[in-house]
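Each value in this text was obtained by applying a stated rule to the coordinates, not by laboratory testing. This structure is a prediction, so every number in the text was calculated from the model and none was measured. With ideal geometry, Cβ positions are generated from the backbone for all residues, glycine too; neighbour counts draw on all protein chains shown.
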């Protein structure tokens, strides 16, 4: 007996590009130039950085689509970003680290919402949530489409994982 494997649905490239461009714009406007990025197929492609080790800013987008945007920073990248972003040193363990990463995620998601709006995709964003630790496991439903983007900057690497729930009743098609 053979078991049929169903192909995992993919995200429309123009929507992933909107999120990626929002991250690049937010990062470069607050931290300077030098950011590069590429799509990663698996977590193993993230230059040895584990998705579970560091701090993660999480924003939900709801409306014409339901999306989750998770942006994760390893410890050293998080500390360097926080210094550049807020203008003073913040240790990884500080409560202020959560505020800095949460605000970065908030600004990035606001830019992403504006970009999606220009494509006639109406969404609202949640307040940011932040997770920090060394064994964080970010779970998602198996068949939801997702994209993983690796970023490299002079301050270190970081990543974004985008997860979407399409084909919701009453929602328009986004492909």
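Tabulated data for the structure shown
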| quantity | calculated |
| --- | --- |
| Residue within segment 94-114 that is surrounded by fewer than 19 Cβ atoms within 10 Å (Cβ to Cβ), over 25 Å from residue 144 (Cα atoms) and touching a strand residue (DSSP E or B) at 6+ places or on another chain (Cβ under 7 Å) present | yes |
| Some residue of segment 64-79 being in a strand (DSSP E or B) and surrounded by fewer than 19 Cβ atoms within 10 Å (Cβ to Cβ) | yes |
